[in-house]
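The values are calculated or read from the model by the stated rules, or taken from the named source; none is laboratory data. Please read these numbers as outputs of a predicted model, since none were measured by experiment. Because the Cβ atoms are built from the backbone with ideal geometry, glycine has one as well, and the counts that use them run over all protein chains shown. Just the protein is used for accessible areas: all its heavy atoms, side chains included, with ligands, DNA and RNA removed. Shrake-Rupley method; radii C 1.70, N 1.55, O 1.52, S 1.80 Å.
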Amino acid sequence: MARESFDKEIQFLRMLALTSGAYNRQQYAERLGISVHTFDKTIKRLKEVVSAVHQQLPEDKGKEFAQTMRYSYMDSSDPMLLFLFRAKSLKESESQRLSLLLAAMQDKALTAMELLDLCCGSMPADLSLPDEKTIRGDLKYLEQVGVIKKETGARPFRYQIHNEMVRELSHEELLDLYDFVDMMASTQVPSVQGYLLRDGLKKHMARQPEADSAAAPFLYKYNYYSRILDEAHLFTLLGSIRQRRMVSFLYFSPKKDTSYASKNTNPLFERDTEGMQETMLPIKVIYDHQYGRWYLLGHHPGGAIRKYRIEGLTQITLGNEVAAELFEARKLELEQRIQHSWLIDTGKPVKVRVRFFHPGLGIPDFVRERVLLQGQWGEIVEEEENSFVYEIEVNGTIEIKPWIRSFGSSCAVLAPEKLRQEMIAEWKEIRAYYESI
């Protein structure tokens with residue numbers, strides 16, 4: 001995983017996907033809260049990654065980055081995710097050093113001092129040479145992310161590439177594994193680790209003699225890039241929940257025009273940010289499959305429950321650990337508050353009754369199947385020949401309304417009366433859009 005955050009790249013890629021390259025350089029820079037010069041450097045960096053990822057790009061060097069992103073329609077979901085890790089902010093010396101370490105440990109286990117000697121003898125002349133502390137830090141990082149393993153035995157410890165699984169599988173087994181990982185990464189959440197594993201398997205199989213027989217039998221396409229992009233923050237947040245640690249971040253509400261702010265390192269160019277500096281104890285991460293959004297729920301130090309869209313989180317830093325008793329108490333309080341939330345609403349409970357209509361004679365009852373699948377803790381309380389009544393108690397009606405609306409004419413709200421009137425008003429508004437011109 002990336003050692004540094006990519007808030008700027010995440011926000012840029014999201015904005016690019018949502019606008020399809022409709023803004024000019026100045027407009028992008030303004031919405032990102034950075035200078036045009038910084039924007040140009042980000043573009044250049046991402047173009048270099050595109051060239052590294054896709055070897056067969058259009059020859060037109062002047063092609064806009066937005067067009068480059070749309071060059072391969074079915075593969076466009078991969079770069080949106082993998083950019084964040086392939087473009088990570090490693091110094092050139094770090095990139096060279098890690099590559100040398102991994103290559104050296106492919107065939108045999110080596111000690112830290114042996115790897116230090118190898119690096120010092122193989123590093124380019126224009127790059128600084130590492131010391132023992134640097135090499136041991138690299139080994140600790142690679143071991144933490146599961147790339148290498150420490151062999152058992154007496155000191156000095158030896159390290160080797162941790163790839164027994166793929167080395168012991170036949171080519172046919174690797175193909176089956178690749179298909180499974182590809183399917184799970186493309187249909188389940190979270191998907192970041194699956195995409196990275198799939199990419200590694202693809203590279204491993206490409207180096208085998210039977211590489212020509214490998215093929216991609218499945219193709220996937222997603223409408224929600226945010227789902228994939230926001231997972232760059234997901235594992236940091238899940239780690240803080242497991243460790244019961246506070247987090248601080250600069251938050252940009254999706255309602256604001258600006259979605260990022262550069263760190264003010266030079267007082268001469270210091271500018272005001274529109275983000276809100278927040279500190280909270282994270283308790284739960286919730287995914288909204290209908291809109292492809294991630295939410296972070298937790299407690300403010302003052303005691304209030306706070307909810308944030310993960311796409312608005314930037315500059316995340318981990319804070320102090322809290323006591324297990326306090327964390328469990330806060331978790332219990334949150335669970336009670338969202339017990340009847342369709343998603344994350346903490347409003348007053350209200351009972352919703354909806355009549356759903358069967359699709360007709362001879363047609364599979366997909367309406368009932370969908371209600372049973374997606375209706376959460378609600379239940380069918382009445383059954384008739386042509387319809388059935390579904391009932392559920394939720395914290396407010398705002399979050400359940402899009403789900404009800406998605407059934408179109410196959411349902412009608414019975415209660416509460418306020419929700420019924422809101423639905424009537426919305427359908428009248430939609431009908432007006434389709435009046436004769």
What tally of residues in the stretch 114-155 results from selecting those that are β-branched (Val, Ile, Thr) and touching a helix residue (DSSP H, G or I) at 6+ places or on another chain (Cβ under 8 Å)?
-> 4
Hey, can you tell me all the residues within the stretch 351-367 that are open to solvent by less than 40 Å² (accessible area, probe 1.4 Å) and under 30 Å from Tyr295 (Cβ atoms)?
-> Val352, Val354, Phe356, Val367
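Kindly indicate whether Lys150 is open to solvent by less than 90 Å² (accessible area, probe 1.4 Å), under 28 Å from Ala103 (Cβ atoms) and at pLDDT 80 or above.
Values: open to solvent by less than 90 Å² (accessible area, probe 1.4 Å): yes; under 28 Å from Ala103 (Cβ atoms): yes; at pLDDT 80 or above: yes.
It is true that Lys150 is open to solvent by less than 90 Å² (accessible area, probe 1.4 Å), under 28 Å from Ala103 (Cβ atoms) and at pLDDT 80 or above.
Only one residue in Glu391, Glu383 is more than 23 Å from Gln290 (Cβ to Cβ) and of a type in the set (D, E, K, R). Which one?
Details: Glu391 fails: more than 23 Å from Gln290 (Cβ to Cβ).
Testing whether each residue is more than 23 Å from Gln290 (Cβ to Cβ) and of a type in the set (D, E, K, R) leaves just Glu383.
Results for (1) modelled with pLDDT under 80; (2) assigned to a helix (DSSP H, G or I); (3) open to solvent by less than 50 Å² (accessible area, probe 1.4 Å); (4) under 19 Å from Met184 (Cβ atoms), shown as yes or no for each residue.
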{"position": "Thr236", "(1), (2), (3), (4)": "no, yes, no, no"}
{"position": "Gly239", "(1), (2), (3), (4)": "no, yes, yes, no"}
{"position": "Thr265", "(1), (2), (3), (4)": "yes, no, no, no"}
{"position": "Leu268", "(1), (2), (3), (4)": "yes, yes, no, no"}
Out of the residues in the stretch 26-42 that are charged (D, E, K, R) and in contact (Cβ under 8 Å) with a residue 12 or more places away in the chain, state the one that is most open to solvent (accessible area, probe 1.4 Å).
-> Glu30
Given the conditions (1) modelled with pLDDT of 70 or more; (2) in contact with an Asp or Glu (Cβ under 9 Å, 6 or more places away or on another chain), every one holds for His54 apart from (1)
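Filter the stretch 290-303 down to the residues that are open to solvent by 50 Å² or more (accessible area, probe 1.4 Å) and closer than 26 Å to Ile404 by Cβ and list them by number.
From the stretch 290-303, those open to solvent by 50 Å² or more (accessible area, probe 1.4 Å) are 290-291, 293, 300-302; that's our starting set.
Gln290, Tyr291, Arg293 - these are the residues of the stretch 290-303 that are open to solvent by 50 Å² or more (accessible area, probe 1.4 Å) and closer than 26 Å to Ile404 by Cβ.
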Which residue pairs have Cβ atoms closer than 7 Å, lie 6 or more positions apart in sequence or on different chains, and pair a first residue in the stretch 313-324 that is more than 7 Å from Arg245 (Cβ to Cβ) and assigned by TED's automatic domain parsing to the domain that holds Leu250 with a second residue that is polar (S, T, N, Q) and open to solvent by less than 70 Å² (accessible area, probe 1.4 Å)?
-> Ile316/Thr236; Thr317/Ser248
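Which residue, of Asp199, Asp182, is part of a helix (DSSP H, G or I) and in contact (Cβ under 8 Å) with a residue 60 or more places away in the chain?
On the way: Asp182 fails: in contact (Cβ under 8 Å) with a residue 60 or more places away in the chain.
Unique residue meeting the criteria: Asp199.
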Subset of the stretch 304-330 (residues that are charged (D, E, K, R) and open to solvent by 50 Å² or more (accessible area, probe 1.4 Å)) = Arg306, Lys307, Glu321, Glu325, Glu328, Arg330
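Any idea which residue in the stretch 273-289 is modelled with the lowest pLDDT, counting only those that are open to solvent by less than 20 Å² (accessible area, probe 1.4 Å) and under 17 Å from Thr346 (Cβ atoms)?
Keep residues of the stretch 273-289 that are open to solvent by less than 20 Å² (accessible area, probe 1.4 Å), which gives 275, 280-283, 288.
From what is left, the residues that are under 17 Å from Thr346 (Cβ atoms) are 280-283, 288.
Values: Met280: 96, Leu281: 97, Pro282: 97, Ile283: 97, Asp288: 89.
Among those that are open to solvent by less than 20 Å² (accessible area, probe 1.4 Å) and under 17 Å from Thr346 (Cβ atoms), it is Asp288.
Yes or no: Arg431 more than 30 Å from Gly303 (Cβ to Cβ) and out of contact with any helix residue (DSSP H, G or I) (no Cβ under 8 Å at 6 or more places or on another chain)? Explain how you work it out, then say what you get.
Numbers: more than 30 Å from Gly303 (Cβ to Cβ): yes; out of contact with any helix residue (DSSP H, G or I) (no Cβ under 8 Å at 6 or more places or on another chain): yes.
Yes; evaluated as a whole, the condition is true for this residue.
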Condition broken by Ser341, with the remaining ones in (1) in a strand (DSSP E or B); (2) crowded, with 19+ Cβ neighbours inside 10 Å; (3) of a type in the set (Ser, Thr, Tyr) satisfied = (1)
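Filter the stretch 202-234 down to the residues that are closer than 25 Å to Arg14 by Cβ and either outside any helix (DSSP H, G or I) or open to solvent by 80 Å² or more (accessible area, probe 1.4 Å) (or both), then identify the one that is modelled with the lowest pLDDT. It would help to see each step written out before you state the result.
Going through the stretch 202-234, the residues closer than 25 Å to Arg14 by Cβ turn out to be 219-234.
Narrowing further to those that are either outside any helix (DSSP H, G or I) or open to solvent by 80 Å² or more (accessible area, probe 1.4 Å) (or both): 219-224, 230.
Details: Leu219: 74, Tyr220: 71, Lys221: 65, Tyr222: 61, Asn223: 58, Tyr224: 70, Asp230: 84.
Among those residues, the one meeting the criterion is Asn223.
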Would you check if there is a residue in the stretch 132-150 being more than 35 Å from the chain's Cα centre (by Cα) and assigned to a loop (DSSP other than H, G, I, E, B)?
-> no
Which members of the stretch 120-134 meet the condition of being closer than 11 Å to Gln96 by Cβ and loosely packed, with under 13 Cβ neighbours inside 10 Å?
-> Pro124, Asp126, Ser128
So Glu30 fits all but one of (1) modelled with pLDDT under 60; (2) more than 30 Å from Glu143 (Cβ to Cβ); what number is the exception?
-> (1)
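So which of Phe180, Phe218, Phe235 is in the same structural domain as His289 (by TED's automatic domain parsing) and among the aromatic types (Phe, Trp, Tyr)?
Values: Phe180 fails: in the same structural domain as His289 (by TED's automatic domain parsing); Phe218 fails: in the same structural domain as His289 (by TED's automatic domain parsing).
Selected residue: Phe235, the only one of Phe180, Phe218, Phe235 that is in the same structural domain as His289 (by TED's automatic domain parsing) and among the aromatic types (Phe, Trp, Tyr).
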Filter the stretch 84-119 down to residues that are at pLDDT below 85 and not in a helix (DSSP H, G or I) and give me whichever is surrounded by the most Cβ atoms within 10 Å (Cβ to Cβ).
-> Ala87
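Give me the residue from the stretch 378-409 that is assigned to a loop (DSSP other than H, G, I, E, B) and either at pLDDT 95 or above or under 18 Å from Ile424 (Cβ atoms) (or both) and, out of that set, least open to solvent (accessible area, probe 1.4 Å). Quick ask: steps written out before the conclusion?
To start, the set of residues in the stretch 378-409 that are assigned to a loop (DSSP other than H, G, I, E, B) comprises 378, 384-386, 396-400, 406-407.
Remaining after also requiring either at pLDDT 95 or above or under 18 Å from Ile424 (Cβ atoms) (or both): 378, 397-398, 400, 406-407.
Values: Gly378: 20, Thr397: 27, Ile398: 130, Ile400: 1, Ser406: 57, Phe407: 19 Å².
Only one residue fits best here, namely Ile400.
Of the residues Leu372, Leu332, which is over 30 Å from Pro282 (Cα atoms) and within 34 Å of the chain's Cα centre (by Cα)?
Values: Leu332 fails: over 30 Å from Pro282 (Cα atoms).
Every option except Leu372 fails the conditions.
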